[in-house]
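The values are calculated or read from the model by the stated rules, or taken from the named source; none is laboratory data. Please read all numbers here as calculations on a predicted model, not as lab measurements. Cβ placement follows ideal geometry from the backbone for every residue including glycine, while neighbour counts extend to all protein chains displayed.
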Amino acid sequence: MYARPRTIEEATRAMAAEGALAVSGGTDIYPAHVGKPLARPLVDLSRVEGLRGITETADVIRFGAATTWTDILRATLSPAFDGLKAAAREVGSIQIQNRGTIAGNLCNASPAADGVPPLLSLDASVELASPTGLRLLPLSSFITGYRRTALRPGEIVTAVLVPSPAPAARSAFVKLGARRYLVISILMAAAVVEKDAQGRIARAAVAVGAASPVAQRLPELESDLRGLAGKPSAIVAARHLAGLSPIDDVRASATYRLEAARSAVGEALDLAAGFA
């Protein structure tokens, strides 16, 4: 079965088919099925009305599920989204950025998905639609494990929602790979820093990707950063990374990833705090 719905209602009905697979940009699904038959029902969401675009209210910035990485790069967004834009530049080639979508990056649920750490640091939530209505999940609850999400049968992601950041918030994203471009991440770090009038850190959010089955925030470090006036990288310690669980694979060892995480987190924080 191949369905190409035009409305969210049509899309959720089509997704109710057993084993239905949603596709929009296709940048993850196509390479995963090279040389393999596609036996599952395919639901093409690329023409669903209202799924693409970025809108802003006083309280929230809404990224439609089919918003591409190029859309994000071209959008006028506050400096709090500089880290997300930096991640968008790292998502494959320009051609992939033109097709790949923000929701697809999340639904793929790869530990190395470039968009997840910056969105985690922005306290993003995921809006889900089903035949019975809408529900909202924090991104931290949406990705439940390696290649697993909280999507239910018949559900599709309709948007990624980010609370409007404070005007003083700044962000950064650091990616470590075997080469500069077109590479799967060895390690990623994203940070959002908000300073008070005296130049001290009023709030910080830090997330690390590719160092555990699901990208993680570092709450102990975030707490220790409050009130700091100096360089954030100076206080990043091994204990702040205790919740990470990196693996050995063809790209790096677990030991290397932990060492890299400390360095990348410090760099991202310094960039977001204006020290680099």
So, first residue over 17 Å from Leu176 (Cβ atoms) in the range 107-123, second residue assigned to a loop (DSSP other than H, G, I, E, B) and among the hydrophobic types (A, V, I, L, M, F, W, C), Cβ within less than 6 Å, six or more apart or across chains; the pairs are Leu120/Ala215
Taking the range 75-100 and keeping residues of a type in the set (Gly, Ala, Ser) and on the phi < 0 side of the Ramachandran plot leaves Ala75, Ser78, Ala80, Gly83, Ala86, Ala87, Ala88, Ser93, Gly100
Would you confirm, using the coordinates I've provided, whether Leu258 is at pLDDT 95 or above and either surrounded by 14 or more Cβ atoms within 10 Å (Cβ to Cβ) or more than 19 Å from the chain's Cα centre (by Cα) (or both)? no
Restricting attention to strands (runs of 3 or more DSSP E) lying wholly within the range 28-92, give those where 2 or more residues are in contact (Cβ under 8 Å) with a residue 40 or more places away in the chain. 42-44, 60-64
Test Ala190 against the criterion of being part of a strand (DSSP E or B), under 20 Å from Arg89 (Cα atoms) and either more than 17 Å from the chain's Cα centre (by Cα) or modelled with pLDDT of 95 or more (or both), and give yes or no. yes
Any residue in the range 1-21 that is farther than 16 Å from Val162 by Cα, out of contact with any helix residue (DSSP H, G or I) (no Cβ under 9 Å at 6 or more places or on another chain) and assigned to a strand (DSSP E or B)? yes
